[in-house]
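Bear in mind these aren't lab numbers, they're just calculated from the coordinates by the rules spelled out. Remember, predicted model here, so these are calculated numbers, not experimental data. Neighbour counts run over all protein chains shown; Cβ positions are idealised from the backbone, glycine included.
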Ligand code: TMP
């Protein structure tokens, strides 16, 4: 696999599963090979998309409708994709993104109950069938992740959701991983940190070896 998307790796999972720590470990591993590595996140990644992130995450009294939330997420994603991700991939850099489209299927699809077909329309419109080369899904029981998220900082608009919402998100993620097990690799994030990192790096190493093999 040596197409444009093969250097695009995304990390997914519920609240408090430890994505940032693992993304840093992957970035260190890839940078050690001398390649350029761009670490980014969604919603966000550019100044405009980060402004939309703050709009999305700020708790507010007004009820934000699921469709407004979905379109704002895709507005941020459109900017992120065209202004940061694609240009970086085109110059040969690795792009590591903390969340991408799978999060929308899990949070807005499974979590909020929006039709998967509506999300798929936006995905096709923006990405033209392109997908990350590899997605790592960090999975752990919801209660554990929520406890970690609560210990971290004040809760954002999503983190204030009821536990049922996060259970649906988790089920949504796991179903996507099962349906596309070649791209989405599920990791037990409830293990001790070092064990999680060992699993993550083993998958990334094998993925790089596969890429190098298929390029020769
Ligand atoms: P973070 O806390 O992992 O940075 O993510 C911010 C929040 O945004 C998180 O609660 C999940 C949510 N989110 C969605 O609901 N849909 C999406 O498509 C993305 C990218 C994030």
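Structure notes:
- Between residue 157 and residue 90, residue separation times 0.36 nm minus the direct Cα-Cα distance comes to 20.7 nm.
- All-pairs Cα distance distribution in the chain, expressed in whole percent, bin size 10 Å: 8, 35, 39, 17, 2, 0
- Each peptide in 103-114, 35-46, 20-31 receives the mean, over its residues, of other Cβ atoms within 10 Å, and ordering these scores from highest gives 103-114, 35-46, 20-31.
- Tail fraction, Cα-Cα pairs, the stretch 54-159, threshold 22 Å, whole percent: 41 percent
- With Cα atoms, 0 to 90° folded angle of helix 193-215 axis to the chain main axis: 50 degrees
- Added length on full extension, which subtracts the Cα-Cα distance from 0.36 nm per residue, residue 125 to residue 62: 19.8 nm
- In the chain, helical runs assigned H by DSSP with n ≥ 4 each contribute -39500 (n - 2.57); averaged across all residues and rounded to the nearest 500, the mean residue ellipticity at 222 nm is -16000 deg cm²/dmol.
- With both labels modelled 7 Å from their Cα along Cα-to-Cβ, the residue 211 to residue 174 distance reads 3.0 nm.
- Folded to 0 to 90 degrees: helix 163-179 orientation relative to the chain principal axis, Cα: 30 degrees
- With 0.36 nm allotted per residue and the present C-alpha distance subtracted, the residue 54-residue 198 stretch has 48.5 nm of extension available.
- Taking the longest Cα principal axis of the chain as reference, the axis of helix 116-127 is set at about 50 degrees.
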